[in-house]
Amino acid sequence: MGSLFRSEEMTLCQLFLQSEAAYACVSELGELGLVQFRDLNPDINAFQRKFVNEVRRCDEMERKLRYLEKEIKKDGIPMLDTGENPEAPQPREMIDLEATFEKLENELREVNQNAEALKRNYLELTELKHILRKTQVFFDETASEYHEILANRHSQLTTTFSSRPFKYENLRVKFLNRCQMADSHREEEQLNLLEDGPRGQQQQNLKLGFVAGVILRERLPAFERMLWRACRGNVFLRQAMIEAPLEDPSNGDNVYKSVFIIFFQGDQLKTRVKKICEGFRATLYPCPEAPSDRREMAMGVMTRIEDLNTVLGQTQDHRHRVLVAAAKNLKNWFIKVRKIKAIYHTLNLFNLDVTQKCLIAECWVPILDMETIQMALRRGTERSGSSVPPILNRMETYEDPPTYNRTNKFTNAFQMLINAYGVASYREMNPAPYTIITFPFLFAVMFGDLGHGAIMALFGLWMVLKEKPLAAKKSDNEIWNIFFGGRYIILLMGLFSMYTGFIYNDIFSKSLNVFGSGWKINYDASTIMDSKALQLDPAHDFGRTYPIGMDPVWQVAPMNKIIFQNAYKMKISIIFGVIHMIFGVVVGLFNHRYFKNTMNIYTEFIPQMIFLIFLFFYMTTLMFIKWTKYSASNPDPHSAHCAPSILITFINMVLFKKSTVLTEACETPFMFAGQEFLQKVLVLSAFICIPWMLFAKPFIIMQERKKQQHQPILPFNGEGQDVENSGAQSVPPADQSQTGGHGNEEMSEIFIHQGIHTIEYVLGSVSHTASYLRLWALSLAHAQLAEVLWNMVLQNGLKTGGAIGGVAVWAIFAFWAVLTVGILVLMEGLSAFLHTLRLHWVEFQSKFYSGLGYAFQPFAFESILEGGGSSED
Amino acid sequence: MRICGPKLSLCGLIISVWGIIQLLLMGVFYYIHSVALIEDLPIEEHYKTPSEFYAAADRAYSQNAMNCWIAALIYVVTLAVSTWQFYANSRASSVN
């Protein structure tokens with residue numbers, strides 16, 4: 001048997017590797033990807049293994065690479081992906097790599113730290129610049145008032161800061177008025193204070209101070225309220241927004257800030273205000289009182305900002321250079337490090353032998369690939385310069401080997417569909433090869449439309465033709481990856497749908513008249529003009545059968561088109577279903593024969609076949625008889641109205657009821673002579689199959705067990721012990737193969753198991769046959785939906801007529817096209833796909849497939865690199 | 001100059017190609033008086049005489065054929081615009 005129909009034959013091997021050669025050999029095996037290693041120290045935790053240090057070093061290297069990658073991505077530098085696959089480096093190269101990464105990381109960290117410090121400095125200076133600029137405005141605003149006061153009082157005060165308290169009080173009155181405090185008591189107090197103000201100014205004993213700073217804009221309202229409450233309204237806050245966003249040096253985000261200045265009176269308030277500022281994370285800056293000082297300071301700040309800008313630019317350049325250099329090699333380094341890590345991880349699964357000179361591994365290997373593996377091992381030994389060749393030993397085991405189905409890019413998607421249900425048991429018949437044909441076909445029966453099929457096929461074809469560039473893109477979009485993974489399925493589904501669409505004569509719900517309709521109208525003009533609907537009689541108005549597919553005239557017969565199509569589609573659904581299920585049972589026969597389950601053939605396969613064929617295949621035979629024997633042009637016993645209903649005939653057959661004659665002229669309710677007797681025989685023999693399936697196998701097992709219990713008494717005639725030994729040895733395998741895995745089960749369990757199995761099969765045959773009717777239902781739904789879409793959308797454009805007709809067609813066609821793809825191709829396609837999947841998983845595979853195996857997961861660099869190294873953890 | 005994004009221009013491109021092919025064919029089918037398309041004609045439900053019906057149907061057929069071809073022609077324009085936009089987008093993305 002070819003490997004397509006069953007999984008590969010596997011064997012458990014023991015591999016002896018010399019310590020020095022182990023690394024190179026495992027590296028070669030990883031490139032090959034045909035060996036699945038078993039963990040020989042499952043009870044030792046990850047930290048106690050031999051190569052834990054190396055794995056940890058690799059982890060560290062990977063962390064550094066990830067850090068580099070993050071920084072490179074942050075700067076938007078393109079990473080070179082040459083697609084080359086460097087070999088796993090020698091262990092001694094690891095030190096070089098480590099040193100390189102260490103150096104790079106340190107350099108980068110240093111640069112980043114410097115840049116951050118510089119940026120923080122820069123931010124502070126910018127904030128100070130803004131403060132100086134904005135506070136200038138605050139002070140200027142009050143300058144005029146200040147001059148007024150000066151004039152009034154004839155004071156000799158110069159324009160120094162000592163005059164500010166006065167202005168401040170004035171401002172505060174304004175502020176308070178704006179606030180309109182409800183509390184009258186407090187208002188009184190304010191007034192008192194207000195009176196105090198000028199007095200204090202006169203006495204020169206009140207020292208008024210101020211602080212200036214910067215705060216995040218969103219914190220400002222809370223800050224203001226807090227200040228007001230904590231200082232009982234005795235401070236005055238002015239603020240102005242900084243329009244340009246500032247860059248936060250710690251995370252590079254843009255933040256919006258506001259400048260504020262707070263005036264207050266006395267030291268106590270000062271400490272309080274400072275506390276509040278601290279609490280709100282406001283940064284305070286020293287702000288000189290004299291305008292000239294401020295101007296001078298602003299100048300100083302500006303020059304320092306410029307200096308900083310140059311330094312920052314240089315730092316950025318340096319960082320960019322470092323990253324660009326790293327980006328060239330990053331992918332390569334990642335691959336190397338991941339390979340090293342994978343090798344050491346695998347070496348950790350091995351056993352050390354007593355002499356510490358060699359490592360012992362156990363692995364599952366496909367028998368066909370033994371040669372290639374031997375070659376790879378030899379290559380590895382040569383590379384490491386070791387003289388002792390590695391030894392690959394086959395081992396005997398009773399364990400179930402893993403299931404390995406060799407696939408290519410075409411069969412892979414189909415195998416995935418099967419594996420999604422369950423991985424086949426070892427060497428079980430693999431349904432995937434049949435699925436390649438049946439899956440697209442059953443899908444197409446539901447999705448039959450030439451137009452929609454063409455869209456799907458073109459999409460699939462595009463993906464297949466552009467396979468390599470599309471695969472190289474490695475998109476993260478999950479939906480796209482699903483589509484791309486199933487590109488061959490989509491292509492086949494599209495092609496098959498085009499075929500069924502041609503048979504249904506459906507293209508976007510319209511028909512193609514390729515060969516000319518076989519129907520002709522024999523009514524005269526007056527009849528046609530007078531009657532609303534006319535029926536064509538197939539006996540007279542039907543010339544010839546349409547050569548292939550449905551006659552296009554059905555499309556313009558809205559009265560009975562669906563009735564006609566239903567009869568046709570329901571019948572073909574059942575026919576396909578029954579054939580599909582019989583095929584499933586036959587595949588089961590190959591399983592029984594391969595596993596030498598002769599008993600299963602007699603106790604399960606034969607009664608199952610009889611049950612299915614005598615009842616359901618007989619029904620499909622009746623359909624063919626009805627199609628061929630009855631015709632509208634035939635004379636009476638075989639005319640159209642004498643054709644018996646298949647469903648009624650079948651129900652009557654199973655219930656042993658007498659069928660009634662349709663009309664006198666038809667003479668008999670049966671299609672052929674002796675049908676009644678034949679049906680009785682068929683039903684009775686089908687019913688006999690039920691107890692056959694139910695009891696035969698458990699009874700045979702019971703008999704065999706009794707015989708076995710008697711066996712030990714037998715070796716009287718032989719030489720005693722010797723024969724007993726051989727007898728004991730030969731019994732277990734025979735027992736296993738004969739009972740098909742029921743080896744040590746209790747008798748009652750075998751009965752229950754068989755009972756469930758039988759009931760499942762008998763009821764399943766009925767319900768599964770009915771389940772195939774979904775082929776008809778979905779196909780009907782699809783055709784109707786397509787028709788509704790055409791009539792409701794595109795017809796509006798086509799019926800517009802007149803001068804704007806062309807534009808209307810243009811606009812509405814686009815709308816119709818989008819809906820066609822969205823609803824009919826995507827959604828209906830998905831629904832048909834899921835129903836097809838169900839028909840395969842439940843209706844087909846339940847007949848033979850146990851799916852209890854576990855998948856072969858070879859140690860391969862390819863899959864490890866694809867999974868981004870995460871599969872190793 | 002970019003007006004529409006890469007996705008919209010691709011969508012326009014595909015619909016235009018599809019529209020040109022299908023509408024050209026539909027125009028041909030209308031032109032040869034295909035019975036399958038009779039339900040999509042701008043004609044009345046009832047006519048007094050067959051000749052009246054035939055005249056109306058003939059007129060409607062040729063008019064719809066013209067309309068389909070006009071729509072196909074507009075799709076040629078749409079195709080040109082979409083192609084131009086598509087290349088403008090792909091050039092812009094390759095430059096950046």
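The values are calculated or read from the model by the stated rules, or taken from the named source; none is laboratory data. No experiment lies behind these values; they were computed from the predicted model shown. Every residue, glycine as well, gets a Cβ built from its backbone with ideal geometry; the counts of neighbours run over all protein chains shown. Please note that ligands, DNA and RNA were not included when accessible areas were found on the heavy atoms of the full protein model with its side chains. Shrake-Rupley method; radii C 1.70, N 1.55, O 1.52, S 1.80 Å.
Data for the structure
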quantity	calculated
Using a Förster distance of 41 Å, the FRET efficiency for A:Asp39-A:Asp476 (Cβ separation, nearest 0.05)	0.80
Carbon and sulfur %, accessible surface of chain A computed with the full protein complex present, 1.4 Å	59 percent
A:Trp462, B:Trp69, ranked by accessible area, largest first (probe 1.4 Å)	A:Trp462, B:Trp69
Å² of accessible area per residue within chain A, as computed with a 1.4 Å probe and no ligands counted	53 Å²
Crossing angle, helix A:487-504 versus chain A [Cα axis fit, 0-90 degrees, rounded to tens]	50 degrees
Loss of accessible area when B meets A, both sides summed, Å² nearest 100, probe 1.4 Å	2200 Å²
Spin-label model distance (nm) - A:Met395 vs A:Thr598, 7 Å beyond Cα toward Cβ	3.5 nm
Loop-located chymotrypsin sites (Phe, Trp or Tyr not before Pro) in the range A:497-543 whose Cβ has at most 15 other Cβ within 10 Å (DSSP)	A:Phe515, A:Tyr523
Average beta-carbon neighbours from other chains, 10 Å sphere, peptide A:808-817	6
Per-pair calculated FRET efficiency, R0 = 56 Å: A:Ile688 and A:Gln14 via Cβ, rounded to 0.05	0.60
Solvent-accessible surface ranking, highest first, for A:Glu862, A:Glu124 at 1.4 angstrom	A:Glu862, A:Glu124
Net charge contributed by nearby residues that have their C-beta within less than 12 Å of A:Phe605 (K/R +1, D/E -1)	+2
Sequence of A:Phe51, A:Phe5 when ordered by accessible area, the most exposed leading, probe 1.4 angstrom	A:Phe5, A:Phe51
Cα-based helix-to-principal-axis angle, A:747-771 vs chain A, degrees rounded to 10	90 degrees
Set of lysines with alpha-carbon distance to A:Lys270 below 20 Å, sequence-local pairs under 8 removed	A:Lys167, A:Lys207
Gyration tensor (Cα) of the range A:522-607, equivalent ellipsoid semi-axes in angstrom	52, 11, 10
Full-stretch length increase - A:Ile528, A:Asn254 - with 0.36 nm per residue and alpha-carbon distance subtracted	90.7 nm
Value of D in µm² per second that Stokes-Einstein yields for the range B:36-96, Kirkwood Rh from Cα pairs, at 37 °C (0.692 mPa s)	222 µm²/s
Those GluC sites (Glu not before Pro) in the range A:584-684 that DSSP places in a loop and that have at most 14 other beta carbons within 10 Å	A:Glu667
0 to 90° range, to nearest 10: angle between helix A:291-347 axis and chain A longest Cα axis	30 degrees
Under 16 Å from the Cα of A:Lys658 - lysines, other chains or at least 8 residues apart	A:Lys680
Full-stretch length increase - A:Leu780, A:His318 - with 0.36 nm per residue and alpha-carbon distance subtracted	159.5 nm
Two-site label geometry, A:Glu107 and B:Arg2: point separation in nm, points 7 Å out along Cα→Cβ	3.4 nm
Calculated FRET value between A:Thr407 and A:Leu465, using beta carbons and R₀ = 22 Å, to 0.05	0.60
Trypsin sites (Lys or Arg not before Pro) restricted to the range A:81-129 and DSSP loop, no more than 10 other C-beta within 10 Å	A:Arg92
Links that overshoot a 19 Å alpha carbon limit, given the list A:Lys571/A:Lys626; A:Lys331/A:Lys473; A:Lys510/B:Lys48; A:Lys134/A:Lys257	A:Lys510/B:Lys48
Where labels lie 7 Å past Cα in the beta-carbon direction, separation of A:Val586 and A:Gln703 in nm	3.0 nm
Contour excess over end-to-end distance, with Cα ends at A:Glu664 and A:Met241 and 0.36 nm allotted per residue	142.2 nm
Separation between Cα centres of the range A:446-491 and the range B:44-58, rounded to whole Å	48 Å
Near-label residues of the range A:776-820 by backbone N, under 18 Å of a point 7 Å along Cα→Cβ of A:Asn566	A:776-788
Cα coordinate range in chain A, projected on the principal axes (Å, largest first)	138, 104, 54
Karplus 3J(HN,Hα) series, Hz, for the range A:845-862 with 6.51 cos²θ - 1.76 cosθ + 1.60 (x for Gly, Pro)	6, 5, 7, 8, 9, 9, x, 10, x, 10, 6, 7, 10, x, 6, 9, 4, 4
³J(HN,Hα), Karplus 6.51/-1.76/1.60, whole Hz, each residue of the range A:214-220, x for Gly, Pro	10, 9, 4, 5, 6, 8, 4
Shielding by partners, peptide B:64-72 (average Cβ within 10 angstrom, other chains)	6
Average other protein chain Cβ within 10 Å of Cβ, residues A:557-569	0
